[in-house]
Amino acid sequence: MTLNSTLEGKIAFITGGTRGIGWATAKLFACKGATIILNSISDESVLHARVEELQTKFGVKCDSFSYDVGDREAVKECYAAIFKRFKRLDILVNNAGVLNSSLLGMITSENIDHTINTNVKGMLYNMQSASRLMTRNHSGSIINLSSIMGRFGAEGQTVYAGSKAAVIGMSCSAAKELAAQNIRVNVVAPGFIDTEMANEIPPEKFQERIESIKMNRIGTPDEVANVIYFFASDLSTYVTGQVLGVDGGMVI
């Protein structure tokens, strides 16, 4: 039996899709023939430029929505617009997230609220709305981005690690609920990846991270995107409720 490893005919929505892992995933999905919908809360001119680039380079249909994933009403409006235009949704890559570092005794209420609103509530709101659309066709794949910190923690990352642990718990529960509708829910947990977040780390801490990785190098957004693609495609039709680390052996 030959599985369809393309995404032709699929509608894919990627939150936080203009940079880092989200943008790498968007390009890979477009290369594989999917219709791409991007979300970002950053400058709308950047979002529009990304859409134009995908359309020009890959010749695929694209759309975009600029909203805060932690805003429940904005999320609802977005998915209503997706249904109005496309009548379906096949893939959600729940990627939008924030990283606010702070030692335990220095954590502020603003830090907690911002992180939880984006990394936990935002994930949940998008899962809810996406699953409702997917249920109409009794199929779909939801890929939620957690972090290796959500499984093992890290100094100065109590709030972030807690939010990413919540993503794992929510995903495993949703996978159990949605399996009967042929909707798969899986988690990708990146380690130390070469994104803007990594570039903000002081040089000495950066080197410490590299030395903790068995492969002795930082990962790339493309390497994470490849794993997301596996979960999105028909290569993983019998896989749900799984957490797959992409960390170069950081936690072996």
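What follows is calculated from the coordinates using simple rules that are stated; it is not laboratory data. Predicted, not measured: the structure shown is a model, and the values here were computed from it. So basically every Cβ, Gly included, is an ideal-geometry build from the backbone, and we count neighbours across all protein chains shown.
Shown in residue order for the stretch 24-37 are the 3J(HN,Hα) couplings computed by the Karplus curve 6.51 cos²θ - 1.76 cosθ + 1.60 at θ = phi - 60°: 4, 5, 4, 5, 5, 4, 5, 4, 8, x, 6, 7, 10, 10 Hz (x for Gly and Pro).
Projecting the Cα atoms of A189, V93, G70 onto the charge dipole of the chain, computed from C-beta unit charges around the Cα centre, puts V93 farthest toward the positive end. Tell me, what is the percent relative contact order of the chain, built from C-alpha pairs under 8 Å that lie six or more residues apart? In percent, rounded to a whole number, it is 20.
Each Lys and Arg adds +1 at its Cβ and each Asp and Glu adds -1 at its Cβ; summed about the Cα centre, the stretch 11-245 shows a dipole of about 980 debye. Rounded to the nearest 10 degrees, the angle from helix 158-178 to the longest Cα principal axis of the chain is 30 degrees.
With θ taken as phi - 60° and the Karplus curve 6.51 cos²θ - 1.76 cosθ + 1.60 applied, the whole-hertz 3J(HN,Hα) list for the stretch 44-56 is 4, 5, 5, 4, 5, 5, 5, 4, 4, 5, 5, 5, 6 Hz, x standing for glycine and proline.
Projecting the Cα positions of V46, L145, I36 onto the charge dipole of the stretch 11-245 (unit charges on Cβ atoms of Lys, Arg, Asp and Glu, taken about the Cα centre) puts I36 furthest along the positive direction.
If you build the convex hull over the alpha carbons only and average its shadow over all orientations, what do you get for the stretch 11-245? Give it in nm² to one decimal.
Taking a quarter of the hull surface, the average projection is 12.6 nm².
Positive contributions from Lys and Arg (+1) and negative ones from Asp and Glu (-1), summed over other residues with Cβ under 14 Å from the Cβ of M123, come out at +1. Of the peptides 189-196, 54-61, 90-97, the order by per-residue mean of other Cβ atoms within 10 Å, starting with the highest, comes out as 90-97, 189-196, 54-61. Our estimate of slack between K205 and L104, defined as 0.36 nm per intervening residue step minus the Cα-Cα distance, is 34.6 nm. In terms of the mean number of neighbouring beta-carbon atoms within 10 Å, the peptides 139-151, 201-213 order highest first as 139-151, 201-213.
Near F65, the amide H atoms lying under 5 Å from its own belong to L38, N39, S40; only residues 5 or more places off or on other chains count, and H is placed 1.01 Å from N.
Please give the residues of the stretch 31-52, grouped as numeric ranges, whose backbone N is less than 11 Å from a label point set 7 Å along the Cα-to-Cβ vector of F86. Counting backbone N atoms under 11 Å from the label point, the list is 34-39.
Between S173 and E52, the distance separating the two model label sites (each 7 Å from Cα on the Cα→Cβ line) works out to 4.3 nm.
Helix-derived [θ] at 222 nm for the chain: sum -39500 (n - 2.57) over DSSP H runs of at least 4, divide by residue count, nearest 500?
Helix contribution divided over all residues of the chain: -14000 deg cm²/dmol.
Across the stretch 97-104, computed HN-Hα scalar couplings (Karplus, 6.51 cos²θ - 1.76 cosθ + 1.60, θ = phi - 60°) run x, 10, 10, 10, 7, 5, 5, 3 Hz from first to last residue, x flagging Gly and Pro.
Hydrodynamic radius of the stretch 97-223 by the Kirkwood approach over all distinct alpha-carbon pairs: 15.9 Å. In this structure, the residue pairs whose Cα-Cα separation is over 18 Å, taken from K10/K164; K32/K61; K57/K84; K61/K84; K61/K121; K32/K87, are K10/K164; K57/K84; K61/K121; K32/K87.
Taking the three principal axes of the alpha carbon atoms in the stretch 32-147, the coordinate ranges are 50, 32, 25 Å, sorted in descending order.
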